[in-house]
1. Say we look at segment B:160-188 and pick out the residues that are of a type in the set (Phe, Trp, Tyr) and in a loop (DSSP other than H, G, I, E, B); which of these is farthest from B:Phe142 (Cα to Cα)?
2. Does at least one position in segment A:63-78 carry a residue that is buried (at least 19 other Cβ atoms within 10 Å of the Cβ), closer than 20 Å to B:Val71 by Cα and within 11 Å of chain B (Cβ to nearest Cβ)?
3. So how many residues does segment B:91-119 have that are free of Cβ contacts under 8 Å to residues at least 12 places away in the same chain, surrounded by 11 or more Cβ atoms within 10 Å (Cβ to Cβ) and under 30 Å from B:Leu204 (Cα atoms)?
4. Within segment B:1-43, restricting attention to residues that are modelled with pLDDT of 90 or more and under 14 Å from A:Gln77 (Cβ atoms), which residue is farthest from the chain's Cα centre (by Cα)?
5. Mind listing whichever residues of segment B:7-28 are away from chain A (no Cβ under 13 Å), farther than 17 Å from B:Leu62 by Cβ and loosely packed, with under 13 Cβ neighbours inside 10 Å?
6. Here's a check for you: in segment B:161-213, which residue that is farther than 13 Å from B:Ile150 by Cβ and of a type in the set (Phe, Trp, Tyr) is surrounded by the most Cβ atoms within 10 Å (Cβ to Cβ)?
7. Can you tell me how many residues within segment A:33-62 are more than 10 Å from every other protein chain (Cβ to nearest Cβ), surrounded by fewer than 20 Cβ atoms within 10 Å (Cβ to Cβ) and modelled with pLDDT of 85 or more?
8. Can you say whether B:Gly133 is farther than 20 Å from B:Gly205 by Cβ, assigned by TED's automatic domain parsing to the domain that holds B:Gly205 and small (Gly, Ala, Ser), as far as the supplied structure shows?
Amino acid sequence: MEYPEDGRDRRIAQLRRGVLELAVMGVLYHGRHYGYSLIRVLSERGSISLKEGTIYPILARLDRDGLVGSEWVESAQGPPRKYYTLTSSGRQLFDELSQELDSLVSLVQQNWKTQEQSESAGKKLVVRKG
Amino acid sequence: MNDYPPVVAKIAKDYLERVKAQLRLVPARERDEFLREIESHLYEAYRNTPIDDDVARILAVLRNFGEPAEVVAGRLPGTMMRSGAKRNLPLYVVGGIFIALFGIPLGFGGLSVLVGLLLALAGMVAAFYATAGSILLAGAMFTLLGLSRILLPGLFDRLVELGFIQMGGPVAEFLDHFSPSDQGVFMLLFACVLVAFGLGMLWLGRYIFRGPRFLSGLLFDWIRRLAHTVRRKLGRENREAPPRVGQVSFANGK
């Protein structure tokens, strides 16, 4: 069945937007990063393509909400870098959100077809019995 | 601070200026920090992008980084980002204040005058028809009186004695000169005049009713045309608005 191309792209973008913030928190959970290194980790490990600039509004939001801390560190090569670390409240929130995501993923990945078949088989038995 | 070739430095600076222009309503300290961070990112990305040609390299970096609109979207209040187009917020605020101070009261005043006019017109029409109805009723009453005076003169006298019919003054003095049947004929003639007058009013009412209907139609048509003109002007204003945020032509490299 055909579906509109822009509708697919929009839905993918929505899905990514929601998960990207969590992914950023996940990377910072395991160590401090500056913007560029954070994107490299996300791109290499997650194999997702994203506009690099979109990460900064996310970091700004997390910073504003007190979920990450930041500090400028001088670099030997070029301009200084702004490093981000996850705060304790950020860690706590990440744990909760991860659990939530796990339950959502398991909901999506459930083998509905198998379950449906077993249910219909059960119904047939009931009919025969009647 | 960085070791860009001159042309690359120019392209990067231009991009940062573009982002800065989009962030002019963000507090200066926050804006400068954001720009520093982007500058740092662009330098890192440039250093790590394996393309020989300098210009192609910086353009690839900027392409990967995204349009300024996408980059600044999360830094601006939601009301300022509408389909990627940034509105001139101070002008909107001033416009809003003016509308609140003058437009709304004037609008309410105008609406009140309009409603008042329509109500007055409706009242006039209602009064006209009420008058016509009263005259027709009076005509019917005089017809009954005239017929009763001709056919049942005793009953008429009895009703006068009981006070149900009160007739005095010059009219009574005039009618006393005639016999009861003639009095009845006079009453019937007067009733005919009244009925004719009432029916004439109803006939005229058809035209009188058209007047207010025409006036109200004219008023509503004028309001509709005014709203259409305003909507068209607003639409034109939107089309002539500054280009969408972040329409950066990387190919130009300016």
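1. Step one: filter segment B:160-188 for residues of a type in the set (Phe, Trp, Tyr), giving B:164, B:174, B:178, B:186.
From what is left, the residues that are in a loop (DSSP other than H, G, I, E, B) are B:164, B:178.
Working: B:Phe164: 14, B:Phe178: 17 Å.
Only one residue tops the list, namely B:Phe178.
2. At the first step, the residues of segment A:63-78 found to be buried (at least 19 other Cβ atoms within 10 Å of the Cβ) are A:67-68.
In the following step, the residues that additionally are closer than 20 Å to B:Val71 by Cα were identified as A:68.
Filter once more, keeping what is within 11 Å of chain B (Cβ to nearest Cβ): none.
So far as segment A:63-78 goes, no, none of its residues is buried (at least 19 other Cβ atoms within 10 Å of the Cβ), closer than 20 Å to B:Val71 by Cα and within 11 Å of chain B (Cβ to nearest Cβ).
3. Selection size over segment B:91-119: 0.
4. B:Tyr43
5. Those that are away from chain A (no Cβ under 13 Å), farther than 17 Å from B:Leu62 by Cβ and loosely packed, with under 13 Cβ neighbours inside 10 Å: B:Arg24, B:Ala28.
6. B:Phe190
7. Adding up the residues that qualify gives 1.
8. Working: farther than 20 Å from B:Gly205 by Cβ: no; assigned by TED's automatic domain parsing to the domain that holds B:Gly205: yes; small (Gly, Ala, Ser): yes.
For B:Gly133, the condition - farther than 20 Å from B:Gly205 by Cβ, assigned by TED's automatic domain parsing to the domain that holds B:Gly205 and small (Gly, Ala, Ser) - is not met.
The values are calculated or read from the model by the stated rules, or taken from the named source; none is laboratory data. Owing to the predicted nature of the structure, the values given are computational and were not obtained by experimental measurement. Cβ sites come from the backbone with ideal geometry, for glycine too, and all protein chains shown count toward neighbours.
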